[in-house]
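Trainee: Please see the structure below; I have some questions.
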Amino acid sequence: MNDRINTSTANLVSYTSLDRAFAASMLVCGFLYLNLIKPISFGAGVSIFTAVLMVVTIFYLKKSGVVLTKESAIWAAPLSLSAMSFIIFDNWALKALNFVFLSLMYLYWVSVSSNSRVDGKLSSYIIGDLLNQILIVPFSNFICCFGAVRSGNASNRQWKGFFGALTGVLVFLPVLILVVNLLIDADAAFESVAEKIKFSISEDVFEFMLQIILGIPIACYIFGSVFGNRYKKHTGRITKGSIDKTAAGIQFAPKITVYAALTALNIIYIIFFIAGASYFFSAFSNDLPGAMTYAEYARRGFFELCAVSAINLMVTVVAIVITERENKEIGEIPKALKMEIAALCIFTLMLIITAIRKMILYIDYYGLTQLRVYTTWFMFVLFIIFIIVALRQIKTFDSARVIAVTVILGFLLLTYSNVDGNIAKYNIERFEEGTLRTIDAEALSELSDGAVPHIYELYKETRDESLRQQLAEVLAVEQATDDGDPDYEETFRDFNLQKSNADQIRALISQSEGTI
């Protein structure tokens, strides 16, 4: 049939009517991407866009004959959870990270749904999958979106003329806007005419047109990803064989060199723990060395231990990758290297335990902050990863798969843990119990609107008028989503439940005591 993909010739493609409809829908999605997603808030618009994109993608894949397996549904779960969090929580920093996570999850979910992964499953070849799905497949099929749209009624000269004219206008529009703005600055009379035209059309028309233009490359990227995976077009650039060959090519380091380096590092850790045993393990007995305060003791060495632990993970990966071996398969590790890595893992786990204990000690005396939560979470995840790596030296299993699942679940747990709300709750409860000497109003003001309900409870209950006034000022400070633009108006795109709840609380305070 002429309406089917031509797989015999790599560069010649025949698009189906479904492909053309999907290409058109992706152009709409490209516009919606810029219209709905506001980086200054990362609110409900992200959730809405992801829902639309997933529905359109599922419809296209199913209608084009792809059988969506249970594994596809399993991977859709973390993707959906990631998207839903934007409509619930208000922590911008976490949402920014989550947006990157969401984008990667969508690309990987498409490859799972299309059964186009390098190994056909989640495995140590995941790096190849990520390179494929982020770079090779979308960009190799980038222009296919134009091809699919243009293929509609391709024999119709009027269609070709219309499509060509539309393309010319869209491409030339940025130049047109630039010239008009320059002429406005150059002549007052023309400025008056331009302003009248602008208001007679719409104040938002230029913004919408710009979103349509800038949305085109986004549409091409998404279409290229889904279309390429659907038809296995350019998905074979990276294969198990090519990855194994590359891995074998970088296994250049003689075993004795790697073993000597790892042995030296392990000896250093032995000396380190023996020499500093009384200092580092005093964290477990609550005995401070010398005249140090808890702040000095907890701070000194914590971030250094975090850095050393992260470096050890990189050293472990590099050692596995570059060590010369007889069997060139990616999963095979020499026994002596396993012993060295196992020892390094044990020492690293001891470092992580010490660091976490120091941080817990610090939190016991000074409460929680965002930085303390994030670094502690990172160390816990690193702790689990090193346990997995250590077990891998004893028993053969796909550790990359387990580590990937651990990181995904760990990040989702962090995303849904309501970090700012729990920080405020923990510090306020400790303050009310008398186990935390002071409550830092300035630190509370740096938290997102997720903390507002707990701050409001303390505001209502405290009899300390000075603290009450400080808390009133904290509650009055609405987390800005205007990016410094006083004319910015919040819409449904910026909505999240925590912010909505915080706004209601501010309204109650305003009604009861007047504007703060």
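Trainee: Summarise the accessible area of region 361-491 (1.4 Å probe, protein heavy atoms) by the percent that is carbon and sulfur.
Mentor: 56
Trainee: If you average 1/r over all unlike Cα pairs in region 1-149 and invert the result, what Kirkwood radius do you get in angstrom?
Mentor: Evaluated on region 1-149, it is 16.7 Å.
Trainee: For R237 paired with E71, estimate the spin-label separation in nm (one decimal), with each label point 7 Å from Cα along the Cα-to-Cβ line.
Mentor: So the label points at R237 and E71 sit 2.3 nm apart.
Trainee: If L409, L34 are ordered by their accessible area, calculated over protein heavy atoms with a 1.4 Å probe, which sequence runs from highest to lowest?
Mentor: From most accessible down to least: L409, L34.
Trainee: Using the structure shown, list the pairs from K63/K95; K95/K121; K38/K245; K38/K232; K70/K232; K245/K338 with a Cα-Cα distance above 31 Å, or answer none.
Mentor: Pairs exceeding 31 Å: K63/K95; K38/K245; K38/K232.
Trainee: Using 12 Å as the cut-off for backbone N distance, which residues of region 357-372 belong to the label zone defined by a point 7 Å from the Cα of F378 along Cα→Cβ?
Mentor: 371-372, by backbone N distance to the label point.
Trainee: Let me ask something else about it. Starting from the Cα-Cα distance between A472 and E324, subtract it from 0.36 nm times their residue separation and give me the gain in nm to one decimal.
Mentor: Between A472 and E324, full extension yields 46.8 nm more.
Trainee: Which number do you get for Rg(Cα) / (2.2 N^0.38 Å) in region 393-513?
Mentor: Against the compact-globule rule of thumb, the ratio is 1.42.
Trainee: Can you give the FRET efficiency to the nearest 0.05 for I353 and E442, using r as the Cβ-Cβ distance and R₀ = 35 Å?
Mentor: With a Förster radius of 35 Å, E is 0.60.
Trainee: Can you work out the FRET efficiency for the pair V317 and Y426, with r the C-beta to C-beta distance and R0 = 45 Å, to the nearest 0.05?
Mentor: Once the sixth-power term is evaluated, E becomes 0.80.
Trainee: Once amide H atoms are built 1.01 Å from N in the peptide plane, which residues 5 or more positions from E324, or in another chain, come under 5 Å H to H?
Mentor: A253, K255
Trainee: Any idea how far apart I250 and I274 come out in nm if each label point goes 7 Å out from Cα toward Cβ?
Mentor: Spacing of the two 7 Å Cα→Cβ label points: 3.6 nm.
Trainee: 7 Å from Cα along Cα→Cβ at both Q511 and I360: what's the point-to-point distance in nm?
Mentor: Here the answer is 4.5 nm between the modelled labels.
Trainee: Next question, about the same structure. When the Karplus curve 6.51 cos²θ - 1.76 cosθ + 1.60 is applied with θ = phi - 60°, which whole-Hz ³J(HN,Hα) does each residue of region 111-126 get, with x for Gly and Pro?
Mentor: 5, 5, 5, 8, 6, 10, 6, 4, 9, x, 7, 6, 8, 5, 8, 4
Trainee: Pop out the ³J(HN,Hα) list for region 421-433 in order, Karplus 6.51 cos²θ - 1.76 cosθ + 1.60 with θ = phi - 60°, rounded to Hz; leave Gly and Pro as x.
Mentor: Karplus values, whole Hz, x for Gly and Pro: x, 6, 5, 5, 4, 4, 5, 5, 4, 5, 5, 5, 6.
Trainee: Can you list residues from other chains, or at least 5 along the same chain, whose modelled amide H is less than 5 Å from the amide H of F495?
Mentor: A44, G45
Trainee: How large is ³J(HN,Hα), in whole Hz, for each residue of region 399-404 in order, when computed from phi with the Karplus curve 6.51 cos²θ - 1.76 cosθ + 1.60 and θ = phi - 60°, using x for Gly and Pro?
Mentor: For region 399-404, the Karplus curve yields 5, 4, 4, 5, 5, 4 Hz.
Trainee: Once ligands and nucleic acids are excluded and a 1.4 Å probe is used, how much of V407 is accessible, expressed in Å² to the nearest 10?
Mentor: Surface accessible to solvent at V407 totals approximately 60 Å².
The values are calculated or read from the model by the stated rules, or taken from the named source; none is laboratory data. Source: prediction; values computed, not measured. Don't worry about glycine lacking a Cβ; one is built from the backbone with ideal geometry, like all the others, and counts go over all protein chains shown. Note: areas computed on protein heavy atoms with side chains; ligands, DNA, RNA excluded. Shrake-Rupley method; radii C 1.70, N 1.55, O 1.52, S 1.80 Å.
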